[in-house]
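Working notes for the structure below.
The values are calculated or read from the model by the stated rules, or taken from the named source; none is laboratory data. Every value quoted in this text rests on a predicted model; they were computed, and no experiment measured them. When we count neighbours, we look across all protein chains shown, and the Cβ atoms used for this are built from the backbone with ideal geometry, even at glycine. Ligands, DNA and RNA are stripped out before the accessible areas are found, and what is left, the full protein with its side chains, is counted by its heavy atoms. Shrake-Rupley method; radii C 1.70, N 1.55, O 1.52, S 1.80 Å.
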Amino acid sequence: MFQQLLGAGVISYRTSIASDHTVFFGGDNQYEEKGSESALTLEVADHFQADAVKRGLEHHQRNLTPYTDFLKDMADAGVHYYEVNMIERSINYTSGRAGESYVEGVPTFE
């Protein structure tokens, strides 16, 4: 999916954990995709926990769990949104407050 978005001209996107609302950016354009109406709105924890973000990511990457479980774990870890930079191939999971983020690289797939 990463390569497909990049091929379509997306250079970055930002997803709100609480609402599963995503904004895609590409050049001078942007496109918004709202979470499904049946999706629950999540309450994000007040305190950001980078170690919980890392554990949650490892769990979901290893076990291929549903996206809704991933969102819940990120909310429990205090992540308000994540930003994907397609050019730098990085994902920043953050509370939105200075110094509260966990960044990981996106692997290259052949």
**Message:** Give me the residue from the stretch 1-34 that is among the aliphatic types (A, V, I, L, M) and open to solvent by 40 Å² or more (accessible area, probe 1.4 Å) and, out of that set, nearest to Thr68 (Cα to Cα).
**Reply:** Met1
**Asked** Looking at the stretch 87-108, which of the residues that are out of contact with any strand residue (DSSP E or B) (no Cβ under 8 Å at 6 or more places or on another chain), on the phi < 0 side of the Ramachandran plot and not hydrophobic (A, V, I, L, M, F, W, C) is least open to solvent (accessible area, probe 1.4 Å)?
**Response** Pro107
**Complete:** Taking the stretch 56-76 and keeping residues buried (at least 18 other Cβ atoms within 10 Å of the Cβ) and either among the small types (Gly, Ala, Ser) or more than 14 Å from the chain's Cα centre (by Cα) (or both) leaves Gly56, Ala75
**Asked** Among Val106, Val53, Val79, which is hydrophobic (A, V, I, L, M, F, W, C), touching a Lys or Arg at 6+ places or on another chain (Cβ under 7 Å) and in contact (Cβ under 8 Å) with a residue 40 or more places away in the chain?
**Response** Val106
**Message:** Quick test for you: out of Val79, Val84, Val53, pick the one residue that is in a loop (DSSP other than H, G, I, E, B), open to solvent by less than 70 Å² (accessible area, probe 1.4 Å) and either modelled with pLDDT under 95 or under 23 Å from Gly35 (Cα atoms) (or both).
**Reply:** Val79
**Fill in**
Scanning the stretch 71-109 residue by residue, those over 23 Å from Phe25 (Cα atoms) and hydrophobic (A, V, I, L, M, F, W, C) turn out to be Ala75, Ala77
